[in-house]
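The values are calculated or read from the model by the stated rules, or taken from the named source; none is laboratory data. Small disclaimer: the values here were computed from a predicted structure and weren't measured. Here the Cβ is made from the backbone with ideal geometry for all residues, glycine too, and neighbour counts use every protein chain on show.
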Amino acid sequence: MLAAMVAREGSGGFFAQSDPADRKRLLYSILDLDRYGLLAKLASDKAAKINLDAIEKEIKELQDIIIDKQELKEALFAKNISLESLEDKLKLLIPKLQSVREERVRLETKTQEALTKINELETKSGHLVSQEQKIKITLNEQNKILAQEKDIRQAAKEKEKHEAGLQKLQIKLEEQTLALSDIQNKEKSLKEERDDYIDSLMPIRQAKGEDEKEIGIINTNITNAKKQSSILASIPCPEEYQAKCPAVSQARDARDKIKDLIKEEKKFTQRLKNCKKDEEAFVSKINIIDKKIEGSESIIQQEENKSKQIKKEIKAIQDLISFLSKKVVLITQIEVALSKKEMLEKEQKKIQSDANIIQQDIERIKKDSQEYLDKIKPLKGQISSIDEDINQETQNRDDCKEQIVSIKNKLTQISQYEEKIKKLSEQFDVQAKEKKIYNILANAFKTIPILILEHAKPIVEQEANRILTKISDTGMRISLPLFKALKSSDKVVETLDIRVQDQVGERPYQMFSSGERVRLDLALRIGLSRLLMLRSGTRIGTLILDEGFGPLDQSGIESFKECLRELHRLKEFELLIVVTHIETLKDIFPTHMLFSKNNDISHIEVFD
């Protein structure tokens, strides 16, 4: 694509003759650099709108709130350890209580078994004594049997009479033994029932303690609510504003809350009464059972005494019957009795030996029984003490659980604050990054025009100097410095000066002759056009000068003609057009176009 470069009338030396600021604005316009200033302002405004201080303040406030997190974690850890310790204590105490109770039952059972065994041994001992007595009587009677023949018949009659009485006493003894066993079984059942009531009483007392604690808390809340509701009367707030008054609203809420608290207090009071009533009922039942046990023990003692008395009577009758029987059978069995005398004597010795062994066993069992009773007494105190320990440790455990829940709630709230801090930190990082980017962009947009000028300036310099080498033989070279140092300080400021150097040295643009300035202006114009061409992506094939070289004297006109000839010779442009009123310039162009105007009508004539 081809384009034309036009130098308007009077604008030939505009760039060189302007001050640095105007030159800079011209290059800004050619390179469209003003848009970077707008972009820099837009980026600065965006960065200014991002308020990081508010986010930092909110993060700091939340961090101050969660500063106690580690202490709460340590407290939670300590409470969990305490809870585990309390749970372990309860795990040890409850089996221990059960073990003590089982030991008590075991010892009571052993004691009862020992008493039963003693009774059995005493009965057996009595039988042995009776047998021994019978043997003695039999042996004594063997020697007297012949002398007692007269009394034998009378003895037979008495024997029948005593045998009938003996049968009645034996029946009575069996009935007495059964009655005694029944009473002993009932006593055992009463003791088991009493233990069951004691076991049932423990949770009732525990519930009673919890209800008493809850009633205390409710009463405290009622007192606080009453204090708050009493404020209602003392608030000097007009009635029409009371609905919007927070203090009045809180006092009314407290007054309404009192009713609910009183209802709840009545509910727990009724529950406490029920617990006390149940406790009293169980204690009453236990007392009744204890009295029954005491009564049964007295009855057992009475029945045992009766049994012993009957046994004595039976023994006496048995002895008498035995005595009479010996008399009755003495005549018919005298020889048999004599033959058995040796056997009876051996049996007597064996009975005596067995009786001694039984007596030793009785003493041993009595000693064991007393040891059992001695061990049972402290077990009752242990059971009571362990019950108290369990109640206390249970209360401690419940308090510990409440404290753990409270700490966990605080940690949950802190976790929420930490999550919020995390989100705010992420928001802060994003916005800080955005602000940094905007600041970087603002600085970049301020720097980009200088960088573009630094890149564009050599293009103008190179192109202008290239043209100067072709249209000037004085060695003129142009430089366009963008910065200069201030004389008053070490600072460097932006500028766009024109420095021209030739064979003589470096001089200001104004110090050159008009012909030299024409060459400089033309070279700069072509250099700027070349920059514009590169920016737009087009190639300049035509140069049009509309009086673009300004007023010139004869020497300047000649210099300008030489420049045109050189440009034409070098074929810098495919087409060179000059619009001028200077007649002397015609001779250097092969083709002329004459423009004229007649009666407001323009005419053109072409001359080769």
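A few notes on this one:
- Hey, LYS172 modelled with pLDDT of 80 or more, basic (Lys, Arg) and surrounded by 14 or more Cβ atoms within 10 Å (Cβ to Cβ) or not: no
- Checklist (1) part of a helix (DSSP H, G or I); (2) surrounded by fewer than 18 Cβ atoms within 10 Å (Cβ to Cβ); (3) touching a Lys or Arg at 6+ places or on another chain (Cβ under 9 Å) applied to PRO481, failing item: (1)
- In the range 88-99, the residue that is nearest to ASP196 (Cα to Cα) out of those that are charged (D, E, K, R) and exposed (fewer than 14 other Cβ atoms within 10 Å of the Cβ) is LYS91.
- Single match in GLU113, GLU84 (criterion: within 30 Å of ASP361 (Cβ to Cβ) and either in a helix (DSSP H, G or I) or not acidic (Asp, Glu) (or both)): GLU113
- Extreme residue, farthest from GLN318 (Cα to Cα), among residues of the range 175-189 that are among the acidic types (Asp, Glu) and surrounded by fewer than 17 Cβ atoms within 10 Å (Cβ to Cβ): ASP182
- Qualifying positions in the range 33-67 - in contact (Cβ under 8 Å) with a residue 40 or more places away in the chain and among the acidic types (Asp, Glu): GLU56, GLU58
- Taken together, the residues in the range 26-64 that are in a helix (DSSP H, G or I) and loosely packed, with under 15 Cβ neighbours inside 10 Å amount to 19.
- For ALA78, the test of being in the same structural domain as GLN184 (by TED's automatic domain parsing), in contact (Cβ under 8 Å) with a residue 40 or more places away in the chain and outside any loop (DSSP other than H, G, I, E, B) is failed.
- Taking the range 448-502 as the range and being out of contact with any strand residue (DSSP E or B) (no Cβ under 6 Å at 6 or more places or on another chain) and among the hydroxyl-bearing types (Ser, Thr, Tyr) as the test, the residues that pass are THR469, SER472, THR474, SER488, SER489.
- Residues that are β-branched (Val, Ile, Thr) and in contact with an Asp or Glu (Cβ under 8 Å, 6 or more places away or on another chain) were ranked within the range 452-478; the one that is surrounded by the most Cβ atoms within 10 Å (Cβ to Cβ) is ILE467.
- Unique residue being over 28 Å from ILE135 (Cα atoms) and at pLDDT 75 or above when the list is ASP253, ASP319, ASP278: ASP278
- For SER82, the criteria (1) surrounded by fewer than 17 Cβ atoms within 10 Å (Cβ to Cβ); (2) touching a Cys at 6+ places or on another chain (Cβ under 9 Å); (3) at pLDDT below 80 hold in every case but one, which is (3).
Yes/no per residue for (1) more than 22 Å from GLY209 (Cβ to Cβ); (2) modelled with pLDDT under 85:
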position: ASP389; (1), (2): no, yes
position: GLU393; (1), (2): no, yes
position: ASP398; (1), (2): no, no
position: GLN403; (1), (2): no, yes
position: LEU411; (1), (2): yes, yes
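So that you can scan it fast, the table gives a plain yes or no per residue for (1) touching an Asp or Glu at 6+ places or on another chain (Cβ under 7 Å); (2) closer than 30 Å to LEU86 by Cα; (3) hydroxyl-bearing (Ser, Thr, Tyr):
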position	(1), (2), (3)
LYS401	no, yes, no
GLN416	no, no, no
LYS422	no, no, no
LYS433	no, no, no
TYR438	no, no, yes
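- Test result for GLU454, under 24 Å from the mean Cα position of the chain (by Cα) and outside the structural domain of GLN206 (by TED's automatic domain parsing): no
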